[in-house]
Every structure is written in C-alpha cells, then in structure tokens.
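Colleague: What follows is a single structure, and I will ask about it in a moment.
The values are calculated or read from the model by the stated rules, or taken from the named source; none is laboratory data. Keep in mind that what you see is a predicted model, and the values were worked out from it rather than measured. Glycine gets a Cβ as well: all are built from the backbone with ideal geometry, and neighbour counts include every protein chain shown. Side chains included, ligands, DNA and RNA excluded: accessible areas come from the protein's heavy atoms. Shrake-Rupley method; radii C 1.70, N 1.55, O 1.52, S 1.80 Å.
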Amino acid sequence: MATIFSRIIAGEIPSYRIYENDRFFAFLDINPLAEGHTLVIPKVETDYLFDLEDELIGDMMIFAKKVARAIDETMDCKRVGMAVLGLEVPHAHIHLVPINDLYDIEFSRPKLKFSDEAFRATAQRIAAAIR
Ligand code: 5GP
C-alpha cells in the first residue's frame with residue numbers, strides 16, 4: 001500500500017506544497033514545530049533515508065538546501081535546522097525547521113496549530129522565495 005506521503009505526491013491527499021521536481025517534493029508539516037516547518041521527500045518510496053542510493057540522497061540534500069534558503073529568507077529565524085526521524089511515517093524524509101534556539105527543534109514538545117489560510121500563506125511565501 002502506498003505511504004501517506006506517496007498519496008500526497010499523487011495529490012490524493014491535500015498538502016501545502018512548496019516546491020517539487022521530478023524526484024523530490026517539499027511541503028509543510030501538518031503538525032509543525034514552527035511556522036514554516038517543512039518536509040522534503042523523495043518521490044521514490046523508501047522507508048529509511050539512509051537506504052537511499054548515494055546519488056539520490058546527495059541530490060536530495062541539494063534540493064533541501066534550495067528549500068532551506070527560501071525558508072531562511074521568509075521565516076523569522078536565525079537558522080534552518082535539519083532533522084531525520086522517520087518514526088511515524090515509513091517514507092524517507094528530512095525535516096527543515098526554522099529555529100531561534102534549541103527548544104524550537106525539540107520534537108517532543110507540543111506542536112503548533114495554524115488555520116488553513118495561515119498554512120497556505122506560509123507555503124506561498126516560502127515557494128515564492130525559491131531560486
Ligand atoms: P517522523 O516520521 O519523522 O517521526 O514524523 C513524520 C512527520 O510527518 C510528523 O512531523 C508529522 O506531523 C508529519 N505528517 C504525518 N502525516 C502527515 C500528513 O498527512 N501531512 C503532512 N503535511 N504531514 C504529515
């Protein structure tokens with residue numbers, strides 16, 4: 001059965017899309033640690049990020065860098081932190097989280113809630129800053 005992220009890529013489940021190319025897809029995390037918390041995923045379905053082929057994981061980092069720069073430019077943060085967990089969704093992904101301190105990327109803390117409109121606006125702002 002397709003993972004929830006493959007269903008998002010296919011458009012069967014809605015998402016706040018930021019950017020994509022033929023191999024990767026970036027969209028807002030639905031339970032964010034911060035405004036602009038983004039997930040970067042490969043379109044190919046692989047559970048564990050570190051099982052990806054060298055070339056694919058390398059290109060995924062370059063794709064993530066492009067998205068991270070756009071997050072940096074548009075969100076109120078000192079840096080964009082990056083994390084790999086994969087404990088919930090068995091489809092490789094990188095978390096990009098705008099951070100101002102250590103606590104901002106503490107995954108065990110309560111997640112933020114945003115309205116549909118706010119999620120949309122955030123995704124649009126980041127997407128517009130992709131170069
Ligand atoms: P992890 O697998 O890295 O532990 O966590 C998976 C992440 O995916 C979580 O931060 C969770 O909020 C996010 N997530 C799970 N299901 C969905 C979904 O349907 N849409 C979006 N946008 N994010 C999701």
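Colleague: Average the reciprocal distances over every distinct pair of alpha-carbons in the range 1-67, invert the result, and give the Kirkwood radius in Å.
Modeller: Details: mean 1/r = 0.0803 Å⁻¹.
Over the range 1-67, the inverse of the mean reciprocal pair distance is 12.5 Å.
Colleague: Relative to the longest principal axis of the chain, what angle (0 to 90°, nearest 10) does the C-alpha long axis of helix 116-128 take?
Modeller: With rounding to tens, the tilt is 80 degrees.
Colleague: Over the chain, with the other protein chains present, what is the accessible area per residue in square angstrom, probe 1.4 angstrom? Can you show the working numbers first?
Modeller: Values: 7620 Å² over 131 residues.
With the other protein chains kept in place, the chain gives 58 Å² per residue.
Colleague: How large is ³J(HN,Hα) for each residue in the range 30-43, as worked out from phi by the Karplus curve 6.51 cos²θ - 1.76 cosθ + 1.60 (θ = phi - 60°), to whole Hz, x for Gly and Pro?
Modeller: For the range 30-43, the Karplus-derived couplings read 6, 10, x, 7, 7, 4, x, 4, 10, 10, 10, 10, x, 6 Hz, x marking Gly and Pro.
Colleague: Please list log₁₀ I(q)/I(0) at q = 0.17, 0.25 Å⁻¹ for the range 52-115, using the Debye equation with identical point scatterers on the alpha-carbon positions.
Modeller: -0.71, -1.21
Colleague: What is the sum of charges, Lys and Arg at +1 and Asp and Glu at -1, for the other residues whose Cβ falls under 15 Å from the Cβ of Lys111? Please list the in-between numbers first.
Modeller: Details: positive: Arg109, Lys113; negative: Asp29, Glu35, Glu88, Asp104, Glu106.
Result for the neighbourhood of Lys111: -3.
Colleague: Please give the direction-averaged projected area of the C-alpha convex hull for the range 4-128, in square nanometres with one decimal. Mind dumping the intermediate values first?
Modeller: Values: hull surface 28.8 nm².
Its average projected convex-hull area is 7.2 nm².
Colleague: Considering Cα pairs under 8 angstrom that are at least six residues apart, work out the relative contact order of the chain and quote it in whole percent. Walk me through the numbers on the way to the answer.
Modeller: Values: 217 pairs, mean separation 40.5, N = 131.
Normalised by residue count, the contact order of the chain is 31 percent.
Colleague: Dipole of the range 4-128, Cα-centred, from +1 at each Lys and Arg C-beta and -1 at each Asp and Glu C-beta, to the nearest 20 debye? Working shown, then result.
Modeller: Details: 14 positive and 21 negative charges, 83 e Å.
The dipole of the range 4-128 has a size of about 400 debye.
Colleague: Ok, one more. Count the net charge of all other residues whose Cβ sits under 12 Å from the Cβ of Ala70, scoring Lys and Arg as +1 and Asp and Glu as -1.
Modeller: Details: positive: Lys65, Lys66, Arg69, Arg125, Arg131; negative: Asp72, Glu73.
Spelling it out: positives minus negatives among the neighbours equals +3.
Colleague: If one takes the longest principal axis of the Cα atoms in the chain, at what angle in degrees, from 0 to 90 and to the nearest 10, does the Cα axis of helix 54-74 lie?
Modeller: Approximately 20 degrees, to the nearest ten.
Colleague: Could you pull out every residue, at least 5 positions away or on a different chain, whose amide H is within less than 5 Å of the one on Asn100? Hs are placed 1.01 Å off N in the peptide plane, and Pro or chain starts have none.
Modeller: Those lying under 5 Å, H to H, from Asn100 are Lys78.
Colleague: Also: Residue by residue, what Karplus-based ³J(HN,Hα) values in Hz, rounded to whole numbers, does the range 16-24 have, using 6.51, -1.76 and 1.60 with θ = phi - 60° and x for Gly and Pro?
Modeller: The phi angles translate into 8, 6, 10, 6, 8, 9, 5, 10, 9 Hz.
Colleague: Which order do the peptides 43-56, 21-34 take when ranked by the mean count of other beta-carbon atoms within 10 Å per residue, highest first?
Modeller: Details: 43-56: 12.4, 21-34: 18.2.
Ranking the peptides 43-56, 21-34 by packing returns 21-34, 43-56.
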